[in-house]
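**Q** Quick one: the structure is below, questions incoming.
The values are calculated or read from the model by the stated rules, or taken from the named source; none is laboratory data. Just so we're clear, the structure is a prediction, and the values are computed from it rather than from any experiment. Glycine gets a Cβ as well: all are built from the backbone with ideal geometry, and neighbour counts include every protein chain shown. Ligands, DNA and RNA are excluded from the accessible area calculation, which covers all protein heavy atoms including side chains. Shrake-Rupley method; radii C 1.70, N 1.55, O 1.52, S 1.80 Å.
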Protein chains: 2
Amino acid sequence: LQQSDLLVARILREIHELSQIGGHADGSVTRLAYTQADTEARMWLVNRMEEAGLRTEVDAVGNVFGWPPNSSTDPPILLGSHVDTVPGGGMYDGTLGVVSALEIVRSLADRENRVPPVGVVSFACEEGSRFGMSSIGSRAVTGQLVPGDLERLKDRDGITLRQALQSAGLSPKEVHKLQRAPGWFRAYLEGHIDQGPELEETGCPVGVVKAIAGVSRYLLTFHGAQAHAGAARMGQRRDAMAAAAEAILIIEHEATSAAEDVVATVGVAEIVPGIINVLPAEVRLGLEVRALPTAGAVNFDSRVRERIQDRTAHRQITVQWDTLSAGEPARISDVVRKTLLVACTESGVPAREIVSWPNHDALFLATHGPSGMILVRNRGKVSHHRDESVRPEDLQILLEVLQRAVHHLMTPS
Amino acid sequence: LQQSDLLVARILREIHELSQIGGHADGSVTRLAYTQADTEARMWLVNRMEEAGLRTEVDAVGNVFGWPPNSSTDPPILLGSHVDTVPGGGMYDGTLGVVSALEIVRSLADRENRVPPVGVVSFACEEGSRFGMSSIGSRAVTGQLVPGDLERLKDRDGITLRQALQSAGLSPKEVHKLQRAPGWFRAYLEGHIDQGPELEETGCPVGVVKAIAGVSRYLLTFHGAQAHAGAARMGQRRDAMAAAAEAILIIEHEATSAAEDVVATVGVAEIVPGIINVLPAEVRLGLEVRALPTAGAVNFDSRVRERIQDRTAHRQITVQWDTLSAGEPARISDVVRKTLLVACTESGVPAREIVSWPNHDALFLATHGPSGMILVRNRGKVSHHRDESVRPEDLQILLEVLQRAVHHLMTPS
């Protein structure tokens with residue numbers, strides 16, 4: 001236990017060290033992807049990996065890999081997460097998973113006197129806050145970044161992803177070569193801080209992720225008949241605003257009825273022309289649906305779409321559906337999930353399963369090999385905020401569970 | 001009849017003459033208040049009034065009066081409307097009423113060989129399109145312009161009403177002196193093109209206005225709990241967007257149930273922060289209510305407000321109501337209305353009554369003396385558009401009815 005106290009102290013020191021890169025006086029951190037702070041964090045990580053005896057590789061999109069040095073034909077177990085943050089984020093999101101991964105490698109190496117067949121990875125640009133698309137690094141290596149994305153994705157200042165990569169000293173021209181063949185890792189394990197209150201409120205130090213919600217985004221455009229507010233009688237209106245309002249309530253109702261398997265959010269509404277005495281010609285809604293690979297979520301999008309189409313037809317309003325992005329939910333690998341649950345039990349903590357509604361790199365990795373996640377409870381209950389907080393004793397449990405799981409996965413059953 | 005053909009021809013010529021001031025090649029007219037075209041139209045009108053033997057006065061806010069020259073202690077009957085337009089408006093809106101008024105004075109003078117005790121007025125800035133407030137001229141003379149309005153009201157370019165008046169050669173410093181004592185006119189009669197399809201569709205050449213809807217505008221702000229779309233479960237949300245949607249449908253339902261006495265429009269919605277994966281912190285709706293002085297409209301605003309408050313309370317959403325402007329509906333003078341109806345019957349056309357949902361200067365004049373309106377059918381069925389159109393034979397009927405009504409009103413019963 002004294003040994004593990006030392007490990008926890010080292011991780012905490014490293015998390016605090018990293019939080020100084022892009023850190024603010026109030027304890028929050030801004031390490032937006034491909035900015036100077038993000039590049040500095042990448043360099044910090046490369047140094048730590050080399051100290052741990054790993055062979056480092058920074059790829060064209062900014063993913064940082066620390067490979068086990070003894071080249072072997074067997075693909076390694078991969079542990080990791082990301083080190084970029086949202087603006088004013090907390091110090092644990094992503095970082096915790098990367099630093100813990102590093103620690104697993106170091107402690108296994110110490111114990112076994114050789115660097116284990118375990119790699120560490122920090123995926124680039126996991127947060128969607130700069131370019132509106134999340135997990136750019138893990139998408140790139142799993143072939144889920146399309147060629148046009150480098151020009152299409154722009155930040156608030158109009159800087160394209162290509163320009164951002166260039167200015168961070170990376171190689172946008174090589175990004176298309178990053179796609180790997182499935183099976184390049186034996187298993188992927190990601191540790192992460194819980195982004196909601198669930199583990200804290202249920203008193204569980206860790207939770208094994210059983211599913212990651214798929215995220216789909218739609219633009220719904222309601223075409224009504226523009227009219228002067230004083231000229232159109234109530235009974236004669238083709239009111240795009242009322243049609244959109246009805247759609248918002250249909251979305252809310254269907255999601256609430258979907259047995260906890262779906263969340264659906266309308267976060268955007270644009271009105272054309274948007275004048276107080278003009279019945280709108282057009283109302284545009286931005287809809288996001290997060291769905292689990294479970295019964296209640298089946299056909300959710302098409303069910304909502306049909307009901308809205310039906311209601312708008314009654315109003316003689318046409319509605320146009322544009323899919324901005326469609327994401328499948330991730331079925332977590334049974335092997336990894338069960339291994340983590342066993343490791344929990346062996347470590348003397350409840351083997352609790354949990355759903356991840358936010359996206360993670362593991363969602364994309366899951367398409368290339370057995371992938372799983374373990375969340376550690378968040379004392380602050382909030383995410384993307386300086387109030388994120390992890391207890392040292394929970395960190396110790398996370399480390400122990402991860403060590404046991406890696407050990408099981410390395411040992412042929 | 002040959003005589004009246006000539007009068008109609010003269011009015012049509014003058015309407016076309018005026019339509020050249022600020023006119024576009026496609027037949028539409030842009031004579032925004034206090035622009036050069038508007039000032040030119042004012043000068044054109046002063047010349048026509050003087051030719052007709054009227055004593056002209058352009059007041060500080062740009063109202064143009066043509067007073068009967070024989071000063072008398074009896075207040076005159078006032079006929080008129082306005083000559084400003086919306087951007088790309090039609091050539092009849094406002095202009096028709098002013099030019100007909102001029103024609104009534106001219107034809108009465110011809111017939112009686114003396115200028116009758118009838119004044120002509122063109123109220124300034126009737127259209128709300130430049131400053132977001134309508135009927136600025138008639139508000140000023142009836143004391144319904146508040147001192148701060150000259151600075152508060154701004155156009156799209158940030159030009160204040162004060163600056164606009166100054167640049168049109170008018171006298172913003174004198175505007176506060178314009179308020180008159182009620183009773184300064186014996187009766188006010190406004191002729192206007194119908195702004196909707198009602199007269200055209202019912203086959204009535206003219207309609208006597210029985211009420212002008214009052215217009216009230218509100219800003220409704222729904223305060224919810226901002227949250228990441230992936231972190232907030234459906235059952236735990238305080239969703240400002242869904243609360244606003246429910247409010248829109250309550251407004252629609254109550255207005256539709258209000259027995260044709262109310263129209264209510266939500267033409268504006270603003271979402272804070274307005275990001276597709278963020279449950280909004282705040283949704284702001286712009287609501288306009290137009291209500292008649294009739295049973296169905298009584299307490300409409302407070303009824304809607306209560307129902308919305310009730311529903312939002314269930315959602316733990318707070319809603320803030322700000323009154324942007326509150327307008328009472330105008331009860332049209334019974335004397336003027338009945339006189340116009342009698343004049344219709346005497347002229348051999350149906351004595352049809354009609355409601356005016358758009359605002360008019362008569363709404364404000366009605367607070368200072370007996371006021372009424374007569375609408376002439378609009379072949380184009382649309383308003384604020386170049387397709388506005390009036391048949392010459394309908395113009396002739398309008399003139400005849402107005403002449404008879406003025407005659408009755410001049411003659412003590």
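**Q** Show the residue pairs that are 6+ apart or on different chains and have beta-carbon atoms under 6 Å apart, the first residue being within segment B:301-329 and under 18 Å from B:M241 (Cβ atoms), the second being open to solvent by 80 Å² or more (accessible area, probe 1.4 Å) and outside any strand (DSSP E or B).
**A** Between residues of segment B:301-329 that are under 18 Å from B:M241 (Cβ atoms) and residues that are open to solvent by 80 Å² or more (accessible area, probe 1.4 Å) and outside any strand (DSSP E or B), the close pairs are B:Q316/B:R238; B:I317/B:R238.
**Q** List the pairs whose first member sits in segment A:214-236 and is β-branched (V, I, T), whose second member is outside any strand (DSSP E or B), and whose Cβ atoms are under 8 Å apart, counting only residues at least 6 apart or on separate chains?
**A** As it stands, the answer is A:V215/A:G327; A:V215/A:N359; A:V215/B:G230; A:V215/B:N277, since those pairs meet every condition given.
**Q** Among the listed residues A:R352, A:R331, which satisfies the condition of being out of contact with any helix residue (DSSP H, G or I) (no Cβ under 6 Å at 6 or more places or on another chain), at pLDDT 95 or above and either more than 13 Å from chain B (Cβ to nearest Cβ) or more than 27 Å from A:G203 (Cβ to Cβ) (or both)?
**A** Within the list A:R352, A:R331, the selection yields A:R352.
**Q** Restricting attention to helices (runs of 4 or more DSSP H) lying wholly within segment A:319-413, give those where 1 or more residues are acidic (D, E) and touching a strand residue (DSSP E or B) at 6+ places or on another chain (Cβ under 7 Å).
**A** Values: elements: A:334-346, A:361-365, A:392-410.
In segment A:319-413, A:361-365, A:392-410 are the helices (runs of 4 or more DSSP H) which contain 1 or more residues that are acidic (D, E) and touching a strand residue (DSSP E or B) at 6+ places or on another chain (Cβ under 7 Å).
**Q** State which residue is surrounded by the fewest Cβ atoms within 10 Å (Cβ to Cβ) when the search covers only segment A:235-246 and only residues that are farther than 22 Å from B:G132 by Cα and at the interface with another protein chain (Cβ under 8 Å from one of its Cβ atoms).
**A** Looking at residues that are farther than 22 Å from B:G132 by Cα and at the interface with another protein chain (Cβ under 8 Å from one of its Cβ atoms), I get A:G235.
**Q** Consider B:Q163 carefully, then state whether it is open to solvent by 40 Å² or more (accessible area, probe 1.4 Å) and assigned to a helix (DSSP H, G or I). Walk me through it before giving the result.
**A** Working: open to solvent by 40 Å² or more (accessible area, probe 1.4 Å): yes; assigned to a helix (DSSP H, G or I): yes.
Taking the combined requirement at face value, the residue satisfies it.
**Q** Which residue, of A:V376, A:V342, A:V336, A:V406, is open to solvent by 50 Å² or more (accessible area, probe 1.4 Å), over 30 Å from A:G235 (Cα atoms) and of a type in the set (A, V, I, L, M, F, W, C)?
**A** A:V342
**Q** If you don't mind, there's one more thing I want to ask. Of the conditions (1) touching a residue at least 40 places away in the same chain (Cβ under 8 Å); (2) assigned to a loop (DSSP other than H, G, I, E, B); (3) more than 30 Å from A:A366 (Cα to Cα); (4) in contact with a strand residue (DSSP E or B) (Cβ under 7 Å, 6 or more places away or on another chain), A:V283 satisfies every one except a single condition; which number is it?
**A** Answer for A:V283: the failing condition is (2).
**Q** If I go through segment B:89-111 residue by residue, how many of them are in contact with an Asp or Glu (Cβ under 6 Å, 6 or more places away or on another chain) and farther than 17 Å from B:M373 by Cα?
**A** Looking only at that region, the number is 1.
**Q** Just for helices (runs of 4 or more DSSP H) wholly inside segment A:42-156: which have at least 2 residues that are closer than 27 Å to A:R377 by Cβ and open to solvent by 10 Å² or more (accessible area, probe 1.4 Å)?
**A** Helices (runs of 4 or more DSSP H) meeting the threshold: A:95-112.
**Q** Starting from segment A:247-261, take each residue that is at the interface with chain B (Cβ under 8 Å from one of its Cβ atoms) and list its partners that are at pLDDT below 95 and in a loop (DSSP other than H, G, I, E, B), counting only C-beta distances under 8 angstrom and pairs at least six apart or across chains.
**A** That search, which allows pairs on different chains as well, returns A:E260/B:R233.
**Q** Restrict the check to segment B:289-306 and report whether at least one residue is within 12 Å of chain A (Cβ to nearest Cβ), buried (at least 18 other Cβ atoms within 10 Å of the Cβ) and closer than 23 Å to A:V272 by Cα.
**A** Yes; the residues of segment B:289-306 include at least one that is within 12 Å of chain A (Cβ to nearest Cβ), buried (at least 18 other Cβ atoms within 10 Å of the Cβ) and closer than 23 Å to A:V272 by Cα.
**Q** Considering only residues of segment B:172-204 that are among the small types (G, A, S) and in contact with a helix residue (DSSP H, G or I) (Cβ under 7 Å, 6 or more places away or on another chain), which is farthest from B:D334 (Cα to Cα)?
**A** Per the stated criteria, the residue is B:G191.
**Q** I would also like to ask the following. Considering only residues that are β-branched (V, I, T), buried (at least 24 other Cβ atoms within 10 Å of the Cβ) and at the interface with chain A (Cβ under 7 Å from one of its Cβ atoms), which ones fall in segment B:272-288?
**A** None; the set is empty.
**Q** Starting from residues that are within 24 Å of A:T345 (Cα to Cα) and acidic (D, E), keep the ones in segment A:381-403 and report whichever is surrounded by the fewest Cβ atoms within 10 Å (Cβ to Cβ).
**A** Going through the qualifying residues, I end up with A:E393.
**Q** If you check B:A269, B:A264, which single one turns out to be aliphatic (A, V, I, L, M), in contact (Cβ under 8 Å) with a residue 40 or more places away in the chain and within 24 Å of B:S325 (Cβ to Cβ)? Full working, then the answer.
**A** Working: B:A269 fails: in contact (Cβ under 8 Å) with a residue 40 or more places away in the chain.
On inspection, the qualifying residue turns out to be B:A264.
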